[in-house]
Amino acid sequence: MSHALAIGFVGMGWVPDVGGVESHTHELARELVRRGHRVAAFALDFGAELEPYSTRTNEHEGVRVTRLAYRYHDHRALADLLLRPRASAAVVAWARAERLDLVHVHHASGHGLAIVPALAQAALPVVMTLHDYWALCPRGQMLRTDGAVCAAVEPARCAPCLASTWPHLLPSGGGEARGARGEALADDAAASAAHTSFALACLHDAHALFTPSAATRAVFVRAGIPEKRIRVVPNGVEVEALAREMAALRRTRSPHAGLRLGVLGTVLPSKGALELAEALVAADVPGLTLEIHGHEPSYHGDTRYVERLRALAAREPRVRLHGPFEHGELVRILAGLDGVAAPSRWNEVFGLTVREARAAGLPVLVSDAGDLADVTDGGAAGLVVPAEDRAAWVAALRRFADPAERARWSAHPPRPRTTVQMTDQLEAAYREVLRPRPWWWRFWPPWPGTTTLIDPG
């Protein structure tokens, strides 16, 4: 099976949409196309003027991109986050029209996780990368409304959080008391438990599951997925290109004044940008500024976190908000920084921005949450700081101000995994999934104790 493949990607967005998953899928698709494969993408379109569930298709850098018009307009129950029959039908129709060999789901929000069993039932091989915890926690990051980070999914504890986030979807707030299988539900805890059960059943129907880090795999294993079912496939970074472009840009630029630490990516409560900004003010390092580049959205309708950060930046010139940026601007931004921080509070899945910073030769300051600590290579390329320890972050920022420390960290050879290495692993996994199986394979349960809504037989 050395022939070229037709591969479909499904996600919330596609470039020029901004986001870590969008950057990842763009680089992966570009490398697959370079190798002679055909790639098609299926994403959402939130345009208010479009008829819901209508589609439009265009081409972007050799990828046919089909967008489904959707605005989360028809959710009546918590189950509707996972089960959207019209979206499932649209994804299957797209995969068939594109004559795909395999569909790789990167995110199912908006589409509903039921697209996985729907594709499997249609005899379309389907794999999925778990880029976050959305399949377990509808909020995506296992961060409760009270700011606490969850280590595991517990329906009784999840129910109040979900009811606070989407009161109209839970029985206590008037949401329809039904599960994705059509079962009647007694209360919010039952709705939460049914959501988790159905999500795990949907994942059961994937021919392969991937996640970028062992830390993330461990979270899904605690939820009940056997470890052997999830392959760790670290995301790739354009290491050589970033280093080359960074060096070229710095040769043409005058050195900037002061000391600049960057935070890159969407500003969410889980990412810790506000807490780092407060620590920076407390550290009071002369000339040190925090440069925050990223979209500043509400978090499931809650704007309080962003408003607090904006208020701090308004009164503190040392905290600068630059707004969203496209991935093509990354090198320009990195060239204007002396280091990059990832002060995440949640169980960070991968930490793409700090790995890109390392590829560009910058030192990093990261929290000890999730998979971030590995970026520093045991402290040779930066510092690992306890996520919730304000005093430790203040001390880390003061240490970052030491030119000798920064020079030592910067000199450490970057070792992020390359896009080519990542694509090698995924391409091999695609071919393994497509390898002919014995007749009894379809009846062999990948793990016991799960039941799907849609019979894959």
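All of the numbers you see were taken from the coordinates with simple rules; none came from a lab. Bear in mind the structure is a predicted one, so any value in this text is a computation, not a measurement. Here Cβ is always computed from backbone atoms with ideal geometry, including for glycine, and neighbour counts include all displayed protein chains.
Quick check on the range 239-411: take the gyration tensor over C-alpha atoms, sort the square-rooted eigenvalues as a ≥ b ≥ c, and tell me if it's rounded (a/c under 1.5), prolate or oblate. Verdict is rounded for the range 239-411. Rounded to the nearest 20 debye, the dipole size of the range 239-411 about its Cα centre is 580 debye, using +1 on the Cβ of Lys and Arg and -1 on the Cβ of Asp and Glu. Ordering F210, F9 by the number of other Cβ atoms within 10 Å of each residue's own Cβ, fewest first, gives F210, F9.
The calculated FRET efficiency for the pair L249 and R315, based on their C-beta separation and a Förster distance of 45 Å, comes to about 0.90. Ordering S88, S410, S254 from the fewest to the most neighbouring beta carbons within 10 Å gives S254, S410, S88. Among F42, F400, the ranking by other beta carbons within 10 Å of each residue's beta carbon, starting with the fewest, stands as F400, F42.
So, R0 is 25 Å and r is the distance between the beta-carbons of H75 and E154; what FRET efficiency does that work out to, to 0.05?
Efficiency, from the Cβ-Cβ distance: 0.60.
Restricting the trypsin sites (Lys or Arg not before Pro) of the range 16-67 to loop positions (DSSP other than H, G, I, E, B) with no more than 13 neighbouring Cβ atoms within 10 Å leaves R35.
The angle between the Cα long axis of helix 214-223 and the longest principal axis of the Cα atoms of the chain comes to about 40 degrees, rounded to the nearest 10. Beta bridges per DSSP, both residues in the chain: antiparallel share near 15 percent. Note on the range 342-409: Cα-Cα pairs beyond 17 Å make up 36% of the total pair count. Compared with the dominant principal axis of the Cα atoms in the chain, helix 155-165 is inclined by about 70°. Projecting the Cα positions of G36, L130, L100 onto the charge dipole of the chain (unit charges on Cβ atoms of Lys, Arg, Asp and Glu, taken about the Cα centre) puts G36 furthest along the positive direction.
Under the combined filter of DSSP loop state and at most 16 neighbouring Cβ atoms within 10 Å, the range 55-116 retains these chymotrypsin sites (Phe, Trp or Tyr not before Pro): Y72.
Size of the range 1-47: Rg and Dmax of its alpha carbons, in Å, are 11.6, 41. According to the square roots a ≥ b ≥ c of the eigenvalues of the Cα gyration tensor, what is the shape class of the range 42-114, taking rounded for a/c under 1.5, prolate for a/b larger than b/c otherwise, and oblate for the remainder? Here the range 42-114 falls in the oblate category. Principal semi-axes of the equivalent ellipsoid, √(5λ) from the alpha carbon gyration tensor of the range 136-212, are 21, 18, 9 Å from largest down.
DSSP bridge analysis restricted to the range 37-186 gives an antiparallel fraction near 45%, rounded to the nearest 5. Using a simple spin-label model with pseudo-atoms 7 Å out from Cα toward Cβ, A93 and A48 lie 2.6 nm apart. Rounded to two decimals, the Cα radius of gyration of the range 220-285 over 2.2 N^0.38 Å is 1.79.
Taking loop as defined by DSSP and a crowding limit of 12 other beta carbons within 10 Å, which GluC sites (Glu not before Pro) in the range 328-360 fit?
Hits after loop and neighbour filter: nothing returned.
Placing +1 at every Lys and Arg Cβ and -1 at every Asp and Glu Cβ, with all other atoms neutral, what dipole size does the chain have around its Cα centre, in debye to the nearest 20? Walk me through the numbers on the way to the answer.
Details: 50 positive and 50 negative charges, 142 e Å.
Computed charge dipole of the chain: roughly 680 debye.
Relative to the first principal axis of the alpha-carbon coordinates of the chain, what is the inclination of helix 304-315, with its axis defined by its Cα atoms, in degrees from 0 to 90 and to the nearest 10? Taking the Cα atoms of the chain, the angle to 304-315 is about 20 degrees. Remark on the chain: Rg and Dmax equal 22.3, 69 Å (Cα only).
Expressed to the nearest 5 percent, the antiparallel share of DSSP beta bridges inside the range 239-411 is 5 percent.
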